[in-house]
């Protein structure tokens, strides 16, 4: 008998961690014990092995989680036969997406799905859908998530007003009190770095020069410091290969009132009500509690270090940052154009260290802008050609054939669901033998897989023929025609198609487009 590979999926959100002391059943270890015990009961001696996928500290409101994505990829590759979760909400709180997986994706991949606390086992459905119950439960889960998010935020705001620190990581220069995680203590390992930065800024040294000196002295940045300590500190700039000090880091430290002993909260919001995006809050909405922990610098030193910062935005940071277009491919900073006879774009980080990769980023203004303009023309031509291909497809009989094929497959698949129920009833009644039942079911499954594959291919081709490429509706034909004949480099106009241009050297660039590859769908046919 073949060994069945079972995937158990475990998830613990940050909200669950807040309640872990009172609801131990949600912990990762408790979920693991529950699932492995349930698997022993349902397998009843059949040979199996367990592989584990876990997301610790992730919300279930979307599926962009590393653990669940790895599990779905394993399912697509045929590496697992069954998925077991504690309940639907562990798998996901987006009821539409959960329903899509249970009703379409997992049946196509022949994956058995078990939700322990919900009493759900896809093998017990015998072709009958449990989708309505799943949708209702997950709708409740979604409403619960939104309500829970508000309650958690209210509780945190209350704690913040009492002067308690409630961030996940202490600010650079501080550490959490081991005996009270809501209290900040000075971290002498790096506090001297913060004081050094303030003193240098107060002496009139530029932010770029401060960053250069810190890099020369090989002082770790906040991210590198946490990494050396073994903390799971998030990398906010994964595209940046070299983690070094820069102007922004220096400016963020100098403008942070935390170093005056002030507790700050609600400087930005990020959650379901902001579509998961970080939204800076105006100063009047901040929660500010002074004299809550030991200050690293005096008010006099703080003011002197900030004298050279002219303007502040509503979050308290310096103003004047422009939308970047040409960006260094190594450090992620915007390029500057030197005002010399032969104008060249250079990386601002090139002067912050004696030797670094950023010094290779030197490109002639004319050659770089001409190269980008050439690629924009080619992209506009490709998009127009793709549109013409799809429009011509509307005039042939391929659409009718594909639609008929997909519909016929769907009808036969529906009949097969009824046949499965009928065969099972015949088997239970003793009309057919167990061997005959298994043989017919296996034959039907092979046919169903073939039908599903044919139907999927037909729908994919229909989709590629008639659905526009993402974002393409926003760009009229007339605009694309103008791009295909554009002779002058106009950065503002080019931003319609281009998000940014990563520059690695004189003859090495990468364009990040705002539109999808126009031939991506055609290639999939």
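Annotation: of all residues in the range 79-107 being more than 17 Å from residue 120 (Cα to Cα) and modelled with pLDDT of 90 or more, the one that is surrounded by the most Cβ atoms within 10 Å (Cβ to Cβ) is 80. The single condition among (1) without any contact (Cβ under 8 Å) to a residue 60 or more places away in the chain; (2) outside any loop (DSSP other than H, G, I, E, B); (3) closer than 20 Å to residue 230 by Cβ that residue 154 does not satisfy is (3). Restricted to the range 43-66, and to residues there that are at pLDDT 90 or above and under 24 Å from residue 123 (Cβ atoms), the residue that is surrounded by the most Cβ atoms within 10 Å (Cβ to Cβ) is 53.
Of all residues in the range 250-271, one or more are surrounded by 18 or more Cβ atoms within 10 Å (Cβ to Cβ), at pLDDT below 85 and outside any strand (DSSP E or B).
The values are calculated or read from the model by the stated rules, or taken from the named source; none is laboratory data. A quick note: this is a predicted structure, and the numbers were derived from the prediction, not measured. When we count neighbours, we look across all protein chains shown, and the Cβ atoms used for this are built from the backbone with ideal geometry, even at glycine.
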